[in-house]
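Since the structure comes first, as structure tokens, the remarks are kept for the end.
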Amino acid sequence: MPSAISFDPDRGVALLRTPGGVYAVRIGADGSPRHLHWGAELDLDALPHPRSPADSSFEADAAADELAPQTGPRYGPAGLQVRFADGTAGAQWHFAGHRIDGHELRLRLTDRHYPLAAELCYRIRPSSDVIERWTELTHTGTPADGPVTVTRLDSAAWTVPRLADYRLSHLTGGWNSEFQLQRDRLPVAETTLTSRRGLTGHHASPWLAVDDGSASEEHGEVWSTALAWSGSWRITVHRDPVGRTTWTGGFGHEGLAWALRPGETLHTPVFAGLYSRGGFGGASRAWHAYVRSAVLPAPERSQPVLYNSWEATGFAVDQAGQMRLAQLAACLGAELFVLDDGWFGARTGERAGLGDWRPRSDAFPAGLRPLADEVHCLGMEFGLWVEPEMVNRDSDLHRAHPDWVLHAPAREATELRHQLVLNLARPEVAAWVHRTLDELVTENAVDWLKWDANRPFTEAGWPGHPDPDRVWTDHVRAVHRIMDQLRADHPGLRIEACAGGGGRVDLAVLARTDQAWTSDNTDPVDRIGIQHGYSQLFPARAMAAWVTDSPNGATGRSTPLRFRFHVAMAGALGLGGDLTRWTEAELKEAAELVARYKEIRPLVQRGEQYRLDGGDGTTAVHYAAADGGEHAVLAWRPATRFGHGPAPLRLPALDLGARYRDRETGEVHSGATLRHRGIDLRLPAGDYASTLIRLVRQEGA
Ligand code: DGJ
């Protein structure tokens, strides 16, 4: 069924149909849009009317609002919280009509008394089950009305059908342990997932999935949502005591207030929702397809195999050392060389130089151009690390503009990693950042920016500004705008998102970057779990994964080169070790594995991903070409147990009736065998065993 939107004025019902589901809203008797259905196709006429808040004095919450307005007997988390100049709180809506424009629906609401209007917006796409929702809130009055204070403006509230039970999947973590998947029974309570950091955050991601507790990797209904926002955010999931689950989410955390002035409109970020009947794996594949087709700015380009010098050299970068690494990287097949931190100002460590974006004269006497030219001569693109939102106190920039940082007049500004955050909400600061980056890219023939951000906000004040909490939204929007502008002005420029590893990965940052640095943790065993969580929402082509040295610099764990490669080959492969210390044999093996990666890259970066569990600690990912002709399976067993060889790995993505040839062994297997019995993994003996299996469908078989 093609995607389509309709509105029945007699029944006040809006319908959004996507290829695999239907979403329905009914305008309630009180003028508020109420949730009717989200899930599989059904006879909507047979559904009971959503209860009106006036139906019962105590149970009114049982019907969910599309955006709860904080009036009437609604006691769940309110997605819209406003206060008018006379002290009155909350909106009381009148439904003022709808507009359908292609695949976009807007429900227009006006307050019955005060000069406030809202549009609840919905967008669908022709071949996706993702529904994008956002809110636009407008002050429709005159200066005499005074500003409206907004303390909460969510993008949307989502409600699932009544289920026998509810389970919540979400991602938690920390620096070096991002994207840890949590899957727990949802308590009868309000559960808040949030970031108060001004960044999306390492510790929580604005994605969640709800099922009834029975969904598995490939079966069952799953409802999931993801917020496209790169700053502070909050999602509150409310499982009420009478069996209904709703969640409301948007930008900002509690305690912030924005003044909405006459004539002004506040736009929220998109909160996207997806209904899937194919289990968690099916939901992830639908998200991956959406990110590739509707989010990433240049999905048609393959992500290059990069070399990054950070783990090899730390801050000790200079022209000769970087050129040596570049030559070695080129021999291994790297296509992009990225010069990381330490190349500018007085930046020989964490304490000084951030903000002074001129090459360090002792390390790069003739600037960066000789290195960039050498990298280009070696047939690679040139990438440069920047952290444009930050400044060290010990820097020329801070000495010249101490007022440019987030601060409050009578408070000490906390330094984290010896740095402060520039207030990009200030137009002159954003303009300076844009100009600086634009010049760097132009003068140094930069093909790739690694845009880092190594600390969250603290003391996020904006002295003298009448609406200081705007910094929480406007800083983020400025980051987005500068990225967009750079891309527009430098076609071909690519940007890698980074925030101390995966501290700022979300649908909004991926809309203007090409991939994200997943984690500073490059230990391959830890990475398996991190990558598993990342893949719930994001596709492999946007997941940067490096092969680094052994023993790992952070964990001290020693692992074979092949294992490190096989884990990193499941994403956008990069090399991050000190190649000057790799043996000839290691360099040779690495070059072979890079070549192998390039062979499977179309599958990894464009194919469909299936996460597999082989039991006994063996896990795998299977990448299948869209037409089912080619397949790559990467399997890993971190620890072996005597007498517990891995079971044959079942490959549910294969066609039962087809035959597949193993490219390495030449063996031909039937799809039915590979699906129902599985393929023998033939892992090498010992811990940290891994393999790559490539299958090709036999035509005419
Ligand atoms: C944090 C990043 O995640 C690292 O890859 C590296 O770029 C450092 N910052 C540099 O300071």
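Compactness of the stretch 225-309 was expressed as the Cα radius of gyration divided by 2.2 N^0.38 Å, which yields 1.52. Magnitude of the charge dipole for the stretch 586-646, about its Cα centre and with charges confined to Cβ atoms of Lys, Arg (+1) and Asp, Glu (-1), is about 120 debye.
Among LEU336, ALA294, VAL696, flag the residue with its Cα farthest along the positive direction of the charge dipole of the chain, charges on Cβ as +1 for Lys/Arg and -1 for Asp/Glu. The Cα lying farthest towards the positive end belongs to VAL696. With one equal scatterer per alpha carbon and no solvent term, the Debye-computed log10 I(q)/I(0) for the stretch 561-617 at 0.29 1/Å reads -1.24.
A simple spin-label model places pseudo-atoms 7 Å from Cα toward Cβ; at LEU378 and HIS267 they are separated by 4.2 nm.
Estimated from the Cβ-Cβ distance and a Förster radius of 22 angstrom, the FRET efficiency linking ASP8 and ARG277 is about 0.30. Counting only protein chain heavy atoms and rolling a 1.4 Å probe, the accessible areas of GLU389, GLU699, GLU415, GLU190 rank, largest first, as GLU699, GLU190, GLU415, GLU389. Taking a point 7 Å out from the Cα of ARG301 in the direction of its Cβ, the residues of the stretch 371-407 whose backbone N falls within less than 20 Å of it are 372-388.
Given the peptides 429-437, 494-502, 444-452, arrange them by the average over their residues of other C-beta atoms within 10 Å, most packed first.
494-502, 444-452, 429-437
Here the mean projected area of the convex hull built on the C-alpha positions of the stretch 504-654 is 10.0 nm². Using alpha carbons only, the radius of gyration of the stretch 391-472 set against its Kirkwood radius gives Rg/Rh = 0.99.
Three principal axis extents of the stretch 257-351 based on alpha-carbon atoms, in descending order, are 55, 44, 23 Å.
Sort the following peptides by mean Cβ neighbour count (other Cβ atoms within 10 Å, averaged over residues), highest first: 474-481, 299-306.
In descending order of packing, they fall as 474-481, 299-306.
Each of ALA570, PRO409, GLY643 was placed along the dipole of the chain (beta-carbon charges, centred on the mean Cα), and the one lying farthest toward the positive end is GLY643.
Please list GLU119, GLU66, GLU667 in order of solvent-accessible area, largest first, computed with a 1.4 Å probe with all protein chains present.
So, going from the largest accessible area down, we get GLU667, GLU119, GLU66.
With a ≥ b ≥ c the root eigenvalues of the C-alpha gyration tensor of the stretch 452-516, is it rounded (a/c under 1.5), prolate (a/b larger than b/c) or oblate? Oblate, since a/c reaches 1.5 and b/c is not below a/b. Going 7 Å from the Cα of ALA85 in the Cα-to-Cβ direction, what parts of the stretch 252-267 have a backbone nitrogen less than 16 Å from that spot? Counting only backbone N, you get 259-264.
Assuming a ≥ b ≥ c are the square roots of the Cα gyration tensor eigenvalues, decide whether the stretch 565-701 counts as rounded (a/c under 1.5), prolate (otherwise, with a/b larger than b/c) or oblate. Here the stretch 565-701 falls in the oblate category. Across the alpha-carbon atoms of the stretch 108-240, the computed radius of gyration and Dmax are 17.8, 58 angstrom. In vacuo Debye scattering of the chain, one point per C-alpha: log10 I(q)/I(0) at q = 0.05, 0.09 Å⁻¹? For the chain, the Cα-only Debye profile gives -0.25, -0.82. When the charge dipole of the chain is built from unit charges on Cβ atoms (+1 for Lys and Arg, -1 for Asp and Glu) and taken about the Cα centre, the candidate among GLY314, HIS669, GLY141 whose Cα reaches farthest toward its positive end is HIS669. Protection proxy ranking, highest mean first, for peptides 538-546, 194-202, 20-28, 656-664: 538-546, 194-202, 20-28, 656-664, where packing is the per-residue count of other beta-carbon atoms within 10 Å, averaged. Note on the chain: with charges restricted to the Cβ of Lys and Arg (+1) and Asp and Glu (-1), its dipole about the Cα centre is near 820 debye. Placing pseudo-labels 7 Å out from each Cα toward the beta carbon at ALA488 and ALA400 gives an inter-label distance of 2.6 nm. For THR140, the accessible surface of its heavy atoms amounts to roughly 80 Å² (probe 1.4 Å, protein chains only, rounded to the nearest 10). Working from label points 7 Å from Cα in the Cα-to-Cβ sense, the THR140 to GLU415 distance is 5.2 nm.
Please work out how much length the chain gains when fully extended from ARG351 to ALA685, using 0.36 nm per residue of separation minus the C-alpha to C-alpha distance, in nm with one decimal.
Details: separation 334, 0.36 × 334 = 120.24 nm, distance 4.64 nm.
Value of the extension gain: 115.6 nm.
Cα gyration tensor of the stretch 642-701, axes a ≥ b ≥ c as square roots of the eigenvalues: rounded (a/c below 1.5), prolate (a/b > b/c) or oblate? Note, shape of the stretch 642-701 comes out prolate. Amide H contacts under 5 Å for GLY220: GLY279, restricted to partners 5 or more places along the chain or on a different chain, H placed in the peptide plane at 1.01 Å from N.
Working note: 222 nm ellipticity from helices only, DSSP H runs with n ≥ 4, each -39,500 (n - 2.57), summed and divided by the residues of the chain, gives -5500 deg cm²/dmol to the nearest 500. The simple Förster model, with R0 at 30 Å and r as the Cβ-Cβ distance, assigns ASP613 and SER293 a FRET efficiency of 0.60. Estimated from the Cβ-Cβ distance and a Förster radius of 56 angstrom, the FRET efficiency linking ALA29 and GLU584 is about 0.10. A simple charge model with +1 on the Cβ of Lys and Arg, -1 on the Cβ of Asp and Glu and nothing else charged puts the dipole of the stretch 196-271 at about 520 debye relative to its Cα centre.
The values are calculated or read from the model by the stated rules, or taken from the named source; none is laboratory data. These figures come from a predicted structure and were not determined experimentally. Virtual Cβ from ideal backbone geometry, glycine too; neighbours counted across all protein chains shown. Note: accessible area is taken over every heavy atom of the protein model, side chains too, but ligands, DNA and RNA are not part of it. Shrake-Rupley method; radii C 1.70, N 1.55, O 1.52, S 1.80 Å.
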